[in-house]
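The values are calculated or read from the model by the stated rules, or taken from the named source; none is laboratory data. In this text, all values refer to a predicted model and were calculated from it rather than measured experimentally. Positions of Cβ are backbone-derived with ideal geometry, glycine not excepted, and every protein chain shown enters the neighbour counts. What goes into the accessible areas is simple: the full protein's heavy atoms, side chains included, and nothing from ligands, DNA or RNA. Shrake-Rupley method; radii C 1.70, N 1.55, O 1.52, S 1.80 Å.
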Amino acid sequence: MYRRGDTIQLEPLFRTDGLIGSGSFYEYRLDDARLTIEVMKSAHACGAMLANYAEATELIYRGGRAAGVKAVDRISGETYVIMAKKNRQCRRALG
């Protein structure tokens, strides 16, 4: 993991607007299943609801940007809307 200043020094062409820092990893040594679980655990700790066997069927746009999805539970058939939410406080607490 790199702090903002180190990131700018290593990659001077990165956009710096809102840059907090960065991370580096080697894909060939990555356990992608474990990474997925850790991201899910962090998201849940920040209040996210988790879904498995869900299929995104449509993107929802607000102001010209994707803001959520319409989804269907592939087991129960239930459909629902999942909206994106930015939680800066949680990002700071986890980071």
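Surface analysis of the chain yields an accessible area of 90 Å² per residue, using protein heavy atoms and a 1.4 Å probe. Our summary gives the chain a relative contact order of 16 percent, counting only alpha carbon pairs under 8 angstrom and 6 or more residues apart.
Expressed as a whole percentage, what fraction of the accessible surface of the chain belongs to carbon and sulfur atoms when a 1.4 Å probe is rolled over the protein heavy atoms? Could the numbers behind the result be given before it?
On the way: 4510 of 8590 Å².
The computed percentage sits at 52.
Taken over the alpha carbons of the range 1-45 as equal point scatterers, the Debye sum produces base-10 log I(q)/I(0) values at 0.23, 0.33 Å⁻¹ of -0.86, -1.03.
Taking each residue as 0.36 nm, the span from R4 to L19 lengthens on full extension beyond its C-alpha to C-alpha distance by 4.8 nm. Within the listed set A33, A56, A43, the residue fluctuating most in the Gaussian network model of the chain (springs between alpha-carbon atoms under 10 angstrom) is A33.
Straight-distance candidates among the lysines for linking to K41, with alpha-carbon spacing under 20 Å and chain neighbours fewer than 8 residues away dropped: K85, K86.
Which loop-located chymotrypsin sites (Phe, Trp or Tyr not before Pro) does the range 1-50 contain, where loop means any DSSP state but H, G, I, E or B and the Cβ has at most 12 other Cβ atoms within 10 Å? Filter output for the range 1-50: F14, F25, Y26. Close amide H partners of A67, meaning residues 5 or more places away or on another chain with modelled amide H under 5 Å apart, are I60, Y61, R62. Calculated on the Cα set of the chain, radius of gyration then Dmax: 16.9, 50 Å. Across the chain, the longest run free of exposed loop sites, meaning trypsin sites (Lys or Arg not before Pro) lying outside DSSP classes H, G, I, E and B with no more than 12 other Cβ atoms within 10 Å, spans 16-73. For the chain, the longest principal axis of the C-alpha atoms and the axis of helix 32-45 are separated by about 80°.
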